[in-house]
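Structure first, then comments.
The values are calculated or read from the model by the stated rules, or taken from the named source; none is laboratory data. Note that this is a predicted model, so its numbers are computed, not measured. Cβ sites come from the backbone with ideal geometry, for glycine too, and all protein chains shown count toward neighbours. When the accessible area is computed, the model is the full protein with side chains, heavy atoms only, and any ligands, DNA or RNA have been set aside. Shrake-Rupley method; radii C 1.70, N 1.55, O 1.52, S 1.80 Å.
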Amino acid sequence: MKFTLMVSEGPYTHQASDTAYQFAAAAIAKGHEVFRVFFYHDGVYNSTKLTEPPQDDRHIVNRWSELAEANKIDLVVCVAAALRRGIKNEVLAPGFRISGLGQLVDGGIKSDRTVTFGD
């Protein structure tokens, strides 16, 4: 099965990003494909390389980058949500790209299921 995921909450303020990451990793481990992860609203904070969690905490941004690189997942950050929050191409972590809401629609068309994490 092919999945597109939408994450609409920040990495350290809500469980949504952790849950989406765990879902993606589990789906891949079971032989499914994660085609695209679309970061929307405060979910765009998952994309910034400026994130520096304490050493004893998980680094959610790096987890997404590593999962995407290892599994050829398209990590898309909503341009309107990103710009409202001061996130531009210069601060994106590896594997993330900024694009429009049409990428979410495209992911929904090309995937068997779209799963939303967050409000």
Hey, any hits in region 72-89 for a residue that's modelled with pLDDT of 95 or more, open to solvent by less than 80 Å² (accessible area, probe 1.4 Å), out of contact with any strand residue (DSSP E or B) (no Cβ under 7 Å at 6 or more places or on another chain) and under 12 Å from V7 (Cβ atoms)?
yes
Answer residue from region 23-63, given it is farther than 17 Å from A82 by Cβ and of a type in the set (D, E) and is modelled with the highest pLDDT among those
E33
Considering every residue within region 99-113, establish whether at least one is within 15 Å of the chain's Cα centre (by Cα), without any contact (Cβ under 8 Å) to a residue 40 or more places away in the chain and within 16 Å of G10 (Cα to Cα).
no
With (1) open to solvent by 60 Å² or more (accessible area, probe 1.4 Å); (2) more than 10 Å from the chain's Cα centre (by Cα); (3) of a type in the set (F, W, Y) as the list, and F3 as the residue in question, which single condition is left unmet?
(1)
Of those in region 30-56 that are touching a residue at least 40 places away in the same chain (Cβ under 8 Å) and of a type in the set (D, E, K, R), the residue surrounded by the most Cβ atoms within 10 Å (Cβ to Cβ) is R36
